[in-house]
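**Student:** Structure in structure tokens, see below.
None of the figures in this text is laboratory data; all of them are computed from the coordinates on show. Since this is a predicted model, take the numbers as computed values, not measurements. Neighbour counts are summed over all protein chains in view; Cβ atoms, including those assigned to glycine, are modelled from backbone coordinates with ideal geometry.
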Amino acid sequence: MSQEGYDKLVAELKQLETVELPQVRDAIAEARDKGDLSENFEYHAAKREQGRLLGRIRFMQRVLENARVIDKSRLAGESIGLLSKVEMTNLNTNARMTYTITSPHEANLREGKISIKSPIAEALLGKKVGDEVEVRVPAGMLKLRIESVSL
């Protein structure tokens, strides 16, 4: 994963552990003080939220334990691989698009980051500028021409 993605996960984990989890614990304590827990909606909602947060925290801890930060300076920039920024043209519509190929945990389409496990990224891996690829996506077949590759 990229250093940026790793740092984002660390920051989110810290936010969950130091801010959100204590808030939920306070909400549980406050709801517990209101009396009968069997019909206390606030208590049950806070307990569900605590379970969700603890699950997310455990997941993020496992991801960070197994994560390896990739040094971009050691990557070859000619062919497409992890952390490559690829500009391509959809030959069916002549639309240009730019994506960065990232680990699944960093993928975010709004930021132009697609998972290395996505159909488009899998089709692009190892290709070079000028290559054309056909990709089967849920909407049908895409024909793409690679315009540029950078890191």
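**Student:** Rounded, prolate or oblate: pick one for the stretch 1-142, where a ≥ b ≥ c are the square roots of the eigenvalues of its C-alpha gyration tensor, a/c under 1.5 means rounded, and failing that, prolate if a/b is larger than b/c, else oblate.
**Tutor:** Taking the square roots of the gyration eigenvalues as a ≥ b ≥ c, the stretch 1-142 is prolate.
**Student:** Grab the DSSP H runs of the chain that are 4 residues or longer, score each as -39,500 (n - 2.57), total them, divide by all residues and round the 222 nm result to the nearest 500 deg cm²/dmol.
**Tutor:** My calculation for the chain gives -12000 deg cm²/dmol from helical runs alone.
**Student:** Show me, for the stretch 54-60, the HN-Hα J-couplings you get by feeding each phi into the Karplus relation (A = 6.51, B = -1.76, C = 1.60, θ = phi - 60°), rounded to Hz, glycine and proline as x.
**Tutor:** Coupling constants for the stretch 54-60: 5, x, 5, 5, 4, 4, 5 Hz.
**Student:** How much of the DSSP beta bridge set in the chain is antiparallel, as a percent to the nearest 5?
**Tutor:** Roughly 85 percent of the beta bridges in the chain run antiparallel, per DSSP.
**Student:** Once you sort the root eigenvalues of the Cα gyration tensor of the stretch 3-66 as a ≥ b ≥ c, which label holds: rounded (a/c under 1.5), prolate (a/b larger than b/c) or oblate (the other case)?
**Tutor:** Since a/c reaches 1.5 and a/b is larger than b/c, the shape of the stretch 3-66 is classed as prolate.
**Student:** How far is helix 21-32 tilted off the main Cα axis of the chain, in degrees rounded to 10, range 0 to 90?
**Tutor:** The answer is roughly 30 degrees.
**Student:** Tell me, Phe41, Phe59 in order of fewest to most beta-carbon neighbours within 10 Å?
**Tutor:** Phe41, Phe59
**Student:** A further question on this structure: With a point put 7 Å past each Cα toward its Cβ, work out how far Arg52 is from Val137 in nm, to one decimal.
**Tutor:** Spacing of the two 7 Å Cα→Cβ label points: 3.0 nm.
**Student:** Right, something else. Net charge within 13 Å of Ala121 by Cβ-Cβ distance, Lys/Arg positive one each and Asp/Glu negative one each, not counting Ala121 itself?
**Tutor:** With Lys, Arg at +1 and Asp, Glu at -1, the neighbours total +2.
**Student:** On a 28 Å Cα-Cα criterion, which of the cross-link pairs Lys14/Lys128; Lys8/Lys117; Lys14/Lys34; Lys8/Lys34 come out too long?
**Tutor:** Lys14/Lys128; Lys14/Lys34; Lys8/Lys34
**Student:** Would you give the gap between the C-alpha center of the stretch 1-16 and the C-alpha center of the stretch 88-150, rounded to a whole Å?
**Tutor:** First find each Cα centre; the distance between them is then 25 Å.
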